[in-house]
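All remarks here apply to the structure that follows.
The values are calculated or read from the model by the stated rules, or taken from the named source; none is laboratory data. Computed from a predicted structure; not experimentally measured. Using ideal geometry, Cβ is built from the backbone for each residue, glycine included, and neighbour counts are taken over all protein chains shown.
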Amino acid sequence: MTWIDSIPALAHLSRYWSLDFVGANLLIGMHLLGALLLGMLVGYERRFRGRAAGMRTYGLVCMTSAALTVVTGVPEHWFGGHTPFHGETSHVIQGIVTGIGFLGAGVIMRDGFHVTGLSTAASIWTSSAIGMLVGAGFYPAGMLLALVSALSMEWGRRLERKLPTHAAMAITLQMAPGQHPSGAQVSTWLRDAGFQLFDDSLLIRQDGAGASSHTEWRFTAGALDLMSPPTAADLAERLRALPGVAGFSVTPYKS
């Protein structure tokens, strides 16, 4: 028995920084970093295709899933290793994850084909995993997860901007009465503006019939120039000059 063991508070603290416990935190940390990189790899493919969820969203979700999974694999280290593991604790994790899922869904907004709040929802879920790690006593792993999450949110955005991607725009075209362009004509308009139409996103709505009918096109378009895509203002300037277009809206995709 050492002098540290004679002082309950110091003995309790020393268990949290034993070699086995530090090793467990390092193991969790390596899992988190590996999951983040793999998740961002999958997210880049989606961002390249012009989808709303990108590298940050996929990276956070993958890393958080790894955190919740790996922490259940080292029950002998929970609470510093001096509280026996009980199966009810895993049920608490399940309840928290379910509840946070509803909270995250509340910050996701959709307007037609335009979706925002995905990264915010993923970060809320990540913060719940940080709380679980800290609550279980894995302070170093929790601090690492918080740090990596904050960095991935900031630098992930910058990395997405530097990597070649199909910058996507949610576009609505309101045609003048009696004007009904063909798909080939709309595609030509977009190519002249530096964009391509994503056929699987196309929605066409018509009100009325004959010369007084109104047609509305809603779709997603991706920039042809992967490195220096036109801005929403550039595209709006082109659409403003199109014949037969009575109104339009252009919204860049954000996650």
Are any of the residues in the range 237-251 touching a Lys or Arg at 6+ places or on another chain (Cβ under 7 Å) and either of a type outside the set (Val, Ile, Thr) or assigned by TED's automatic domain parsing to the domain that holds ALA121 (or both)? no
Sort out which residues of the range 203-231 are within 23 Å of the chain's Cα centre (by Cα) and under 17 Å from SER182 (Cβ atoms), and write them in order of number. PHE219, ALA221
Being touching a Leu at 6+ places or on another chain (Cβ under 8 Å) and assigned to a strand (DSSP E or B) is the filter here; which residues of the range 221-240 pass it? ALA221
Please count how many residues of the range 221-255 are aromatic (Phe, Trp, Tyr) and more than 11 Å from ALA168 (Cα to Cα). 1
Using the structure shown, decide if SER149 is under 30 Å from MET30 (Cα atoms), surrounded by 15 or more Cβ atoms within 10 Å (Cβ to Cβ) and among the hydroxyl-bearing types (Ser, Thr, Tyr). yes
Just to be sure, is GLY244 in contact with a strand residue (DSSP E or B) (Cβ under 8 Å, 6 or more places away or on another chain) and closer than 16 Å to HIS180 by Cβ? yes
State all residues of the range 205-244 that are closer than 21 Å to ARG161 by Cα, modelled with pLDDT of 85 or more and acidic (Asp, Glu); if no residue qualifies, say none. ASP234
Which of the residues belonging to the range 54-92 are modelled with pLDDT of 70 or more and in a loop (DSSP other than H, G, I, E, B)? GLY54, VAL74
